[in-house]
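> Take a look at this one; I'll ask things after.
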Amino acid sequence: MLHQLPPEVALHTISYLPLHSLYSTTLISRDWNALIATNEPTVYRNAAILHRFIDEDQLGAGSIPINWKAYCRRQLEIERGWRGKAPSAVRELTATGTVVHRIKVDYELGLVITTRQTGGISVCDIKTNRILWALPPDHAVRYAHCEYDRGYIIFNRYDNCKEVWRRTVDADGHHSETSPPDKKMLEASTQAAANYHSAENRWAHFKAWALLRMPENTRAFRFSYPTLLAVATNNAYLWDVPRSQLVSVVRDVQRLYHGLLLAAINYVEVNDLYVFICGGGGLRIFAREGGALLYQLPTRELTSAAWDVLPRTPGLTSSVVHPQMLLSNCRSLCSSHGEFMACHVSASGNDLAVLVSNGRLVILPDFQRLFAGSNSVHHRDIAIILNFQPPSSDEEISRYLAVGGRNGKLVIATWKGIYVISPTFDFDRLTADRPPEPGVSVCRLSKFDNDHLLNVISCLQITHDAIYFTYKPSYTNGAFNTTHRAHVHDIGVHDPADDVEEFPIVADEVEVEDWEDEDSEDEDPMGMGAVEEDPVHAIINNWFLPTSSNTVYSVSF
């Protein structure tokens, strides 16, 4: 019997039990119950590690829950929420305004950072739904693409430079010496400090840190601390942001390889080892060290085997997250190969997800096996391909792809719905829930299914316990309105009253709404690696393009 073993041996054995088995174990006998109750902190700490609710880095950094059992219970509830088996809550962050373009979320600090279609950047407190800091529309450009990680905000401007702003409490009164901010940034920083002067909210304030001058016109950029990747037509530049220095260049990314060019760049991604570029000709993976082209995957060579995502009868009524069915190859293949529109590498660095324009999502677990020398495998041997294309359709429906941190969740937006993908390679071995055959579960956000409104989603982000995305404001005070009242933009008419408003000078405690902005056909709709806008296009967009009403919603668990 387990309770007759030495305590350290018994506890080591129990550390391999998943949570549902731990509960069952306490019912076996009084002795087993006493063993677990006496050593409850150790037992549930081990369970948290086993389920990957917490990792060794967090433990080493002192991120230790006070009550391990309560912590495990909460994390399991969040995981069930992602799968549509626990309640979820919908919230509209009205303080972000009605013309949001990009979103970045700081989960630890509880902040949402947004850029606007008409220009400007704001930092909103998620808990209180208040603007705590902002830059005006005359400083941050229209449709600015924004990157954020570990207290650094980076956004583009029309002169091909990248502005870097840093949390005031981290900058300690200094700015970069190697690439200092210019006069315009310093003046904007001083003005923002005057507008938002509350010491109580200083933790959410930012100051000008650096101005990174690109060697040539860049098409897309992505920030994964400490590296900023900025990609031009034929070269990829890697910057160390804290040091504000260009550290390496991957050259000739358009090189002819097996008869294929990369072509137009749609999206870029970077981690510690690799540079990933999605182009019209396919996906390419380069080594950061030396710039070698390690792997290429053209969309025309994607395996035809796919799991079709189909609706099923709604389950838990208290959740807007509804599980979907996965059936193998039940639909005919679309005639278009599509293009790779976005890719993301997991926080672990092991797995890669790639979104194709025609509604296919390609998941490559342990993707480094694709170019592991003599032991390399073909993508068809490891790829999990999900098809979100409706039956009898051949449209380019993909809109956006986002990936979570250590939870490994994926969320995609298409013209037909917003879907949550939970890879189950490890988790389902530890729970009573068994995964479908492909090793993933898929759910859909049931309240956000208007084709026209889904078409103008401009950003989507994931945190540990929530999804954040742009969607049409409800125009209803105090309640979520699923009908989303018709607006002039729903029928393609531009109302002059929707043009740019004056930038308000606000105090820290005042909510800010309704800064306006406009949409650019030259912007990549996919998000974090967005294609940048050149000055000529900017002028044209100012003349002709109407704004799309978008605010920030969250679905949390």
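We did not get these values from a lab; they are worked out from the coordinates using the rules stated. Predicted model only: the values in this text are computed from it and were never measured. Please note: Cβ atoms are built from the backbone with ideal geometry, for glycine as well, and neighbour counts cover all protein chains shown.
> Measure off 7 Å from each Cα along the Cα-to-Cβ vector at S198 and Y257, then give the distance between these two points in nanometres to one decimal.
Placing both labels 7 Å beyond Cα along the Cβ direction yields 5.0 nm.
> May I ask you to compute the full-extension gain from Y16 to D394, defined as 0.36 nm times their residue separation minus their alpha-carbon distance, rounded to one decimal in nm?
Answer, rounded to one decimal: 131.4 nm.
> I need the per residue convex hull volume for the stretch 249-353, using only the alpha carbons, in cubic angstrom as a whole number.
Here the figure is 144 Å³ per residue.
> Beyond 24 Å between alpha-carbons counts as too far, so tell me which of K85/K409; K184/K472; K162/K207; K416/K472 fall in that bin.
Beyond 24 Å between Cα atoms: K184/K472.
> If you don't mind, another one. Under 5 Å between amide H atoms, partner at least 5 residues away or on a different chain: which partners does S458 have, H built in plane at 1.01 Å?
T470
> In a shell of Cβ-Cβ distance under 13 Å around A188, excluding A188 itself, what net charge do Lys and Arg (+1) and Asp and Glu (-1) give?
0
> Calculate the FRET efficiency for E40 and V377 from the Cβ-Cβ distance with a Förster distance of 41 Å, rounded to the nearest 0.05.
0.40
> Rounded, prolate or oblate for the stretch 355-414? Axes are the square roots of the Cα gyration tensor eigenvalues, ordered a ≥ b ≥ c, and the cut-off for rounded is a/c under 1.5.
oblate
> Subtracting the Cα-Cα distance from 0.36 nm times the residue separation, let me have the gained length for R243 to Y107 in nm, one decimal.
46.5 nm
> Another question about this same structure. Among L59, I36, Y148, whose Cα projects farthest towards the positive end of the dipole of the stretch 1-150, with charges put on the beta-carbon of Lys, Arg (+1) and Asp, Glu (-1)?
In the stretch 1-150, that residue is Y148.
> Once Rh for the stretch 180-236 is found with the Kirkwood sum over Cα pairs, what is the Stokes-Einstein diffusion coefficient at 10 °C and 1.306 mPa s, in µm²/s?
116
> Follow-up question, since we're still on this one. Based on C-alpha coordinates, I'd like the Rg and Dmax of the stretch 179-324, in Å.
When restricted to the Cα atoms of the stretch 179-324, Rg and Dmax are 21.5, 60 Å.
> For the stretch 37-114, what is the convex hull volume of the alpha-carbon atoms per residue, in Å³?
140
> What is the packing order of peptides 102-110, 7-15, 371-379, taking the mean over residues of other C-beta atoms within 10 Å and listing the highest first?
102-110, 7-15, 371-379
> Take every Cα-Cα pair in the stretch 103-224 and report what % of them are more than 19 Å apart.
For the stretch 103-224, the fraction of Cα-Cα distances above 19 Å is 43 percent.
> Using θ = phi - 60° and the Karplus relation 6.51 cos²θ - 1.76 cosθ + 1.60, list the HN-Hα couplings for the stretch 357-373 in order, rounded to whole Hz, with x at every Gly or Pro.
Per-residue couplings from phi come out as 4, 8, x, 9, 10, 10, 10, 10, x, 6, 4, 5, 5, 5, 9, 8, x Hz.
> Which cross-chain or sequence-distant (5 or more) residues have an amide H under 5 Å from the amide H of I418, H modelled 1.01 Å from N in plane?
Under 5 Å from the amide H of I418: L445.
> Right, here's the next one. Give me the compactness ratio for the stretch 110-174, meaning the Cα radius of gyration over 2.2 N^0.38 Å.
Ratio of Rg to 2.2 N^0.38 Å for the stretch 110-174: 1.11.
> Return the equivalent ellipsoid semi-axes of the stretch 9-154 as a descending list in whole Å, where each equals the square root of 5 times an eigenvalue of the C-alpha gyration tensor.
For the stretch 9-154, the semi-axes come out at 44, 16, 11 Å.
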